[in-house]
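First up is the structure itself, then whatever we jot down about it.
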Amino acid sequence: MVMQDNFEKRLIKNIDFNIDLAQSFGIYKNNKEFELLDFASSVNISCGFHAGDPLTIKNALIRAKEKNVVVGAHIGFDDIQGFGYRDMDLSDDEIESLVIYQVGALMSFAKTLHMEIEHVRPHGAMYVRCAEDFSFACSVARAIQKCSKWLIYYGASGEITSKVGDLVNIPVAQEICLEKMYNVDGTVNTIAKDNENTEIEIQRLKQLLIASQVSNIEGGKTVVSADTIHFSSRLPNSLELIKQAHNVITPLPVNYKNACLSGWVD
């Protein structure tokens, strides 16, 4: 069995389930995402760059408020036609402006509904770049921190996200995806095909909760840090997966977990 040496196996008692909302724009509508809302503890709302128009964003916030889930900004590159999956080379100033523009827009919308934004999650090519490029991830995190020092940075589980948290001094949430295959070092293998077998994914969830482990491409287990699990509405079994996952463990927002660890909640 292959594991990272710098982590210890441990039981996970509390974990967040996050999903994406407002993945629509104009005549293109994605109502499937709302099917997952009853089983999530936090949502990432698109901010108008890779997806999300003003009315869609407002309606997503209202739905999230009705379900009493934590709200975060889902930021991406300005690439609606490619849905944010096209990488872009940007200067630090451009990254900062891109992030602040999107987070600020959602924060303003939320304020009108007496809501607060608690986290920021990159999307698509930006998410992958943040997981692989430490300097880029730090630039994104610094821009997030300029919006509010209380915002949590959601990033792919691994050493880069952890180091970004330490260097930028920003709270981070390490994220796992049950459909993904992982390298031995705990990073996502971007070549391997997503697993869409609900039974296998639920077994992965149970292994994660019991021992903080994920299956790796060499057939072993790798120990990872995990604060949140992302459930994508793009998978054909997405609704069944999050339903069964909810039966395994009741998800709790990241800030609730942090409050427990700090002693504020028993």
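The values are calculated or read from the model by the stated rules, or taken from the named source; none is laboratory data. This is a predicted model, so every value here is computed, not measured. Note that we place each Cβ from the backbone using ideal geometry, even for glycine, and neighbour counts take in every protein chain shown. These area figures cover heavy atoms from the full protein model, side chains too; ligands, DNA and RNA do not enter into them. Shrake-Rupley method; radii C 1.70, N 1.55, O 1.52, S 1.80 Å.
Within region 226-236, the set of residues being modelled with pLDDT of 95 or more and in a loop (DSSP other than H, G, I, E, B) comprises Ala226, Asp227, Phe231. Flag: His123 does not match the condition of being of a type outside the set (A, V, I, L, M) and modelled with pLDDT of 95 or more. Scoring Ala173 on the criteria (1) of a type in the set (A, V, I, L, M); (2) open to solvent by 20 Å² or more (accessible area, probe 1.4 Å); (3) part of a strand (DSSP E or B) leaves a single failure, condition (2). The conditions of being open to solvent by less than 10 Å² (accessible area, probe 1.4 Å), of a type outside the set (A, V, I, L, M) and without any contact (Cβ under 8 Å) to a residue 40 or more places away in the chain are met by Gly155.
Residues being surrounded by fewer than 17 Cβ atoms within 10 Å (Cβ to Cβ) and either more than 21 Å from Ser108 (Cβ to Cβ) or of a type outside the set (Asp, Glu) (or both): count how many of those fall in region 35-57.
Result for region 35-57: 4.
Among what's in region 92-122 and is more than 24 Å from His230 (Cβ to Cβ) and among the polar types (S, T, N, Q), pick the residue that is most open to solvent (accessible area, probe 1.4 Å). If we take residues in region 92-122 being more than 24 Å from His230 (Cβ to Cβ) and among the polar types (S, T, N, Q), then Thr112 is most open to solvent (accessible area, probe 1.4 Å).
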